[in-house]
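**Student:** Please read through the structure below; I'll follow up with questions.
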Amino acid sequence: MNVVITGATKGLGRAIATLLFDHGASLAICSRHQEDLDDMKQSLLETAQSGQTIIAYRCDVSKRDEIDGFGRLILSKWNHIDVLINNAGVFMPGALIDEEDGQLQMMMDTNLYSAYHLTRTLLPVFVGQQKGHIFNMCSVASIKAYPNGGSYCISKFALLGFTKVLREELKAQGIKVTALLPGATWSDSWSGIDLPEERLMQAHDIAIAVWQALQMSPAAVVEEIIIRPQLGDL
Ligand SMILES: NC(=O)c1ccc[n+]([C@@H]2O[C@H](COP(=O)([O-])OP(=O)(O)OC[C@H]3O[C@@H](n4cnc5c(N)ncnc54)[C@H](OP(=O)(O)O)[C@@H]3O)[C@@H](O)[C@H]2O)c1
């Protein structure tokens, strides 16, 4: 199984990459820091089964030429792709009235356009094989605006819109499309928050949901996965 995951060195992306690698997947991963990519690749390869490979590529997904470079590298190495997980994203709090100028642009570039461009680069492979599964890392912020969510909510609503369009376009091609909508999940984005550990979900919880969605027959697709902390949103 060949799996592409953006933003895979930390948080949710890392948990998903690790779980899928443990189940025998080969990975194409990216993030902005080469050292993190090298460390992750080395530690995963220590437990690799025969034939498992990892493509680890440094890029900033918010930059068109860099995300295109990641896509081109994947196409040059793999002639089939089973799973694409558009996970990389950034959260900056703020209210529309006073958030910094450029905040919407930055989050749209990172959270929406990266997924749009990478998906379009890889889609011919999915369409050629008439199978595969694309996940987009949306958020509960894709369905519910909240104070201080600002442009982040706008970008995640847009990503869910993109996911729904993709689902309709790919329905007849045998390609599954799933929107992941997690609530608060422990990751670097929450560092410093003063809450007991059990108040937030674990990144591994989201990885399990991805793995389970991958287990279904070609006749079934999970269109949306909403997962919240047991005590609800923060
Ligand atoms: N944690 C939550 O509560 C939560 C809830 C709902 C949805 N989400 C979504 O889940 C996704 C992952 O969030 P997370 O909390 O796991 O974040 P995280 O812990 O900050 O990890 C983000 C990952 O993406 C990479 N990344 C960030 N910006 C990038 C860029 N411009 N180009 C390439 N790589 C980039 C980071 O590596 P580098 O910094 O080295 O680039 C890191 O590997 C995001 O889309 C987020 O919106 C998170």
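Coordinate-derived values only; no laboratory data. Here the structure is a predicted model, which means the values were calculated and not measured. Neighbour counts are summed over all protein chains in view; Cβ atoms, including those assigned to glycine, are modelled from backbone coordinates with ideal geometry.
**Student:** Compute the relative contact order of the chain as a whole-number percentage, counting only Cα pairs closer than 8 Å that sit 6 or more residues apart in sequence.
**Tutor:** Across the chain, relative contact order equals 20 percent.
**Student:** Per DSSP helix of 4 or more residues, -39500 (n - 2.57); summed, then divided by the residues of the chain. What does that give at 222 nm, rounded to the nearest 500? Don't jump to the answer; show the numbers that get you there.
**Tutor:** Numbers: 7 runs with 91 residues, N = 234.
Counting only the DSSP helices, I get -12500 deg cm²/dmol.
**Student:** Over segment 119-231, calculate the relative contact order: mean separation of alpha carbon pairs under 8 Å at least 6 apart, over the residue count, as a percent. Don't jump to the answer; show the numbers that get you there.
**Tutor:** Working: 139 pairs, mean separation 32.7, N = 113.
Relative CO of segment 119-231 lands at 29 percent.
**Student:** Measure up K77/K164; K10/K156; K10/K41; K10/K144 against 23 Å on the Cα-Cα distance and list the ones that go over. List each step's numbers first, then the result.
**Tutor:** On the way: K77/K164 29 Å; K10/K156 19 Å; K10/K41 13 Å; K10/K144 25 Å.
Exceeds cut-off: K77/K164; K10/K144.
**Student:** How many angstrom lie between the Cα centre of segment 198-234 and the Cα centre of segment 15-58?
**Tutor:** For segment 198-234 versus segment 15-58, the Cα centre distance is 22 Å.
**Student:** Can you tell which of G161, Q42, Q202 lies farthest toward the positive end of the dipole of the chain, using +1 and -1 charges on the Cβ of basic and acidic side chains (Lys, Arg; Asp, Glu)?
**Tutor:** Farthest towards the positive pole: G161.
**Student:** Please give every one of the aspartates and glutamates within straight-line cross-link reach of K131, meaning a C-alpha to C-alpha distance under 20 Å, and leave out same-chain neighbours fewer than 8 residues apart.
**Tutor:** Those aspartates and glutamates meeting the cut-off are D82, E168, E169, E223, E224.
**Student:** Taking a ≥ b ≥ c as the square roots of the eigenvalues of the Cα gyration tensor of the chain, is the shape rounded (a/c under 1.5), prolate (a/b larger than b/c) or oblate? Display every interim value, and only then the final one.
**Tutor:** Numbers: a/c = 1.39, a/b = 1.30, b/c = 1.07.
Judged from the Cα gyration tensor, the chain comes out rounded (a/c under 1.5).
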